[in-house]
Amino acid sequence: MLRIECIAIGSELLTTSRLDTNSVWLAERLGELGLAFHRKTAVGDSRHDLLQLFREALDRSDLILCTGGLGPTFDDFTKEVWAEALDAPLVEDLASRQAILDFYASRNRTPAASNFKQALIPLGAEALHNPAGTAPGVRWENPPGYPGRTIILFPGVPREMKLMWHNHVAAGLEAFRGPSTSTLRMVFGSVPESTLEERVRPLRVKHAGLDWTILAGLHHVELLARGGDPAALAAAEADFRRDHPLDLAFVGAEGGIEDALLALLEARGETLALAESMTGGNMAARITSVPGSSRVFQGGGVVYSVAAKAALAGLDPAFIRAAGTVSEPVTRALAEGIRARLGTTWGLAVTGNAGPTEDKDGPAPVGTCLVAAAGPDGTFYKAFTMFGTRMEMQARGASWALDYLRRTILEKRD
C-alpha cells in the first residue's frame, strides 16, 4: 500500500480562526481511489519545524502532499524549506513567471515584485499551473537521495488546491488504486456534539460495519460514515432520515444548513427576508453564497441601531426603547416588519449580545441570542445562549437562527 502523508502548513491552522478543510477534502479524494493517509500533520510557519518535519516525512512516506505556504508574502516559504531539506537550488520557471504577468494583466493591475518569488521552483521539480491564482504548485518525483518518493505542493487556497488536484495529480494515482471507499456526510443543526453523539449511538451501533467520525464546527456538527459498500451507506442514510428528521439538516459532500433551508423554501414556493442585528449580516452572507438563492431570498437589513430598526423594519423608536433593543417584543417586531416591508413568506430576525461587554440598552447578558420567525401562521420565537468569542457567537447565532426557521417550517407543515 502506498504510504501517503499530508502536511497542512500555516500558523492559523493551529488556532480556532481557520479550520484545515484541505486535508479533509484530500482524504475524501484519496478514499475514492481506495487510498488513505497514514499520517496527517498541521504545522505553523516555523522554518525550523518545517525542516524537521519534511526530513521525517521523507523517511516514512512514499507520497507527501503539502498544502499552504506557496504565496508571495513573508510567511510563505514551503518551497524554500523543501529546497533546503533536499539541498537543491531554487530556479525561476519562466512559464510560471509569465502566468503571473498574464494573471495581473487580465485584471489591469501591475504585480508587486514579491509576486515573482512564486515562480521559483526547486531544481529537478515540475511547476504545476494554477488556473485560479498566481502560486503554481510543485511536483517533485525522486528528489535527490530519495528514489521512489514524490512530493506534491499545493496552494493553501481551497479552490486553487482542488483544481490542481483534478488537473495534475489525481490521474497519476490511478495506478495505485485500491478498493474504493465512499463517504456519507450528514450535517446536523442546533445540536451540540455530545448530545448528538448520544442521540445517534443506536444507529451507529446498528451500522457498526461503517467507519464513523463526528466533527464539530462553528456552523454545525457533521457525522461522517465511510465504507466500501454503497448499499450499506444508503441504508444508514435512510435510517438517519427516518429517525432524526429534524436534527438532520443536510446530506451531501458540500453544503450546510443554508442549503437545506433554501431547498426547503424553494420546494414550498416560499420566500425569505432577514433582519439581522447581533449577526451583523452573517445570515445574508451564508444564504447568498448558495447559487440560486435569489429564487428564495429577497433581501434584508443589518438593523444594528435603533435608527436602522426604524428605517428598515418600520419599528417605532419609542417602542424599541421601552421594550429594550435585545428583547422578545423587538425581535418579533423585526421579523414581522421586514416580512411586511419586502412582502415575503417568512421574515427572520436576530437580536442579541455577542460581547465583549454587557449591552447598556438591554440589559442583555453576553451570549444572548434571540430569534423570531414571522410567517403565514404567526410569529415564532426562541431564545438561545451562545458561548465563545464575538466572532464565534455571531457565526453560531446565524447558524442557529437559520436552523430554527428550518425546524419551525418542518414542525408546522401539514
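The values are calculated or read from the model by the stated rules, or taken from the named source; none is laboratory data. Treat the numbers as computed from the prediction; the structure is a model and nothing was measured. Using ideal geometry, Cβ is built from the backbone for each residue, glycine included, and neighbour counts are taken over all protein chains shown. Side chains included, ligands, DNA and RNA excluded: accessible areas come from the protein's heavy atoms. Shrake-Rupley method; radii C 1.70, N 1.55, O 1.52, S 1.80 Å.
Rounded to the nearest Hz, the phi-derived 3J(HN,Hα) couplings of segment 5-18 under the Karplus curve 6.51 cos²θ - 1.76 cosθ + 1.60 (θ = phi - 60°) are 10, 10, 10, 9, 10, x, 4, 5, 6, 9, 10, 8, 7, 8, where x marks glycine and proline. If you run the Gaussian network model on the chain, springs between alpha carbon atoms under 10 Å, then out of ARG268, ARG295, ARG97 the most flexible one is ARG268.
Here the 3J(HN,Hα) profile of segment 163-176, calculated from phi with Karplus coefficients 6.51, -1.76 and 1.60 at θ = phi - 60°, is 4, 5, 4, 5, 7, 10, 10, 4, 4, x, 9, 4, 5, 9 Hz, Gly and Pro shown as x. In loop segments of segment 155-252 as defined by DSSP, the trypsin sites (Lys or Arg not before Pro) with at most 13 further C-beta atoms inside 10 Å of their C-beta are ARG177. For SER294 and ASP211, the difference between the fully extended length at 0.36 nm per residue and the C-alpha to C-alpha distance is 26.1 nm.
Reported to the nearest whole Å, the Cα centre-to-centre distance from segment 220-299 to segment 1-37 is 24. Per residue, the accessible area of the chain comes to 45 Å², computed with a 1.4 Å probe over protein heavy atoms only.
For the chain, modelled as a GNM whose springs connect Cα atoms under 10 angstrom apart, the maximal fluctuation among VAL91, VAL330, VAL251 occurs at VAL91. Would you mind computing the Rg to Rh ratio of segment 285-351 from its alpha-carbon coordinates, Kirkwood style for Rh? Rounded to two decimals, Rg/Rh equals 1.01. The residues LYS40, LYS309, sorted by heavy-atom accessible surface at 1.4 Å with ligands and nucleic acids left out, run LYS40, LYS309 from largest to smallest. Can you give the FRET efficiency to the nearest 0.05 for GLN98 and THR73, using r as the Cβ-Cβ distance and R₀ = 30 Å? Approximately 0.90, to the nearest 0.05.
Ranking ILE214, ILE151 from most to least accessible surface, computed with a 1.4 Å probe over the protein chains only, gives ILE214, ILE151.
Can you tell me how segment 312-352 classifies by the Cα gyration tensor, rounded, prolate or oblate, using a/c under 1.5 as the rounded cut? Oblate shape, in that a/c is at least 1.5 and b/c is the bigger or equal ratio. Residues of segment 28-47 with an amide N closer than 16 Å to a point placed 7 Å from the Cα of ARG177 along the Cα-to-Cβ direction: 29-36.
Taking the DSSP bridge list for the chain and keeping only pairs wholly inside it, about 60 percent are antiparallel.
Note on surface exposure: ASP59, ASP247, ASP87 rank ASP87, ASP59, ASP247 by accessible area, highest first, 1.4 Å probe. Taking the chain as a Gaussian network, where each spring joins two C-alpha atoms under 10 Å apart, which residue of LEU128, LEU402, LEU348 fluctuates the most? Of the options given, LEU128 has the highest mean-square fluctuation.
By definition, a body whose alpha carbon gyration tensor gives a ≥ b ≥ c is oblate when a/c is 1.5 or more and a/b is not larger than b/c, and segment 314-411 fits this oblate description. Heavy-atom accessible surface of VAL24, to the nearest 10 Å², is about 50 Å², with a 1.4 Å probe and all protein chains retained. With a ≥ b ≥ c the root eigenvalues of the C-alpha gyration tensor of segment 1-102, is it rounded (a/c under 1.5), prolate (a/b larger than b/c) or oblate? In terms of gyration-tensor shape, rounded. Would you please give the FRET efficiency between HIS38 and ALA238, computed as 1/(1 + (r/R0)^6) with r the Cβ-Cβ distance and R0 = 35 Å, to the nearest 0.05? Rounded to the nearest 0.05, the efficiency is 0.60. Put simply, the Cα atoms of segment 1-55 extend 33, 28, 10 Å along their principal axes, the longest span coming first. Taking Cα atoms only, the orientation of helix 21-32 departs from the longest principal axis of the chain by about 70 degrees. The calculated pair-distance distribution of segment 357-408 uses every alpha carbon pair, bins of 5 angstrom beginning at 0, and gives 4, 19, 27, 21, 15, 10, 3, 0 percent. For LYS40, nonlocal amide neighbours, meaning residues 5 or more places apart or on other chains whose placed amide H falls under 5 Å from its own, are CYS6.
The C-alpha atoms of the chain define a longest principal axis, and helix 230-243 lies at about 20 degrees to it. With all protein chains in place and a 1.4 Å probe, the accessible surface of the chain carries 53 percent carbon and sulfur.
Note on THR21: accessible area is roughly 80 Å² with a 1.4 Å probe, heavy atoms of protein only.
How large is the direction-averaged shadow of the alpha-carbon convex hull of segment 160-219, in nm²? So the Cα hull casts an average projection of 6.3 nm². Between GLU270 and GLU392, the C-beta separation translates, for a Förster distance of 22 Å, into a calculated FRET efficiency of about 0.15. Applying the Karplus relation 6.51 cos²θ - 1.76 cosθ + 1.60 with θ = phi - 60° to segment 263-280 yields 3J(HN,Hα) values of 5, 5, 5, 5, 5, 8, x, 10, 10, 9, 10, 10, 10, 10, 10, 4, 7, x Hz, where x marks Gly and Pro. Here is the list for segment 343-414: trypsin sites (Lys or Arg not before Pro) lying in DSSP coil, each with at most 13 other C-beta atoms within 10 angstrom of its C-beta, are LYS360, ARG413. Return the label of the correct value of Kirkwood radius over Cα pairs in Å, as calculated from the structure shown, out of [x] 31.5; [y] 24.1; [z] 24.6. Checked against the structure: label [y].
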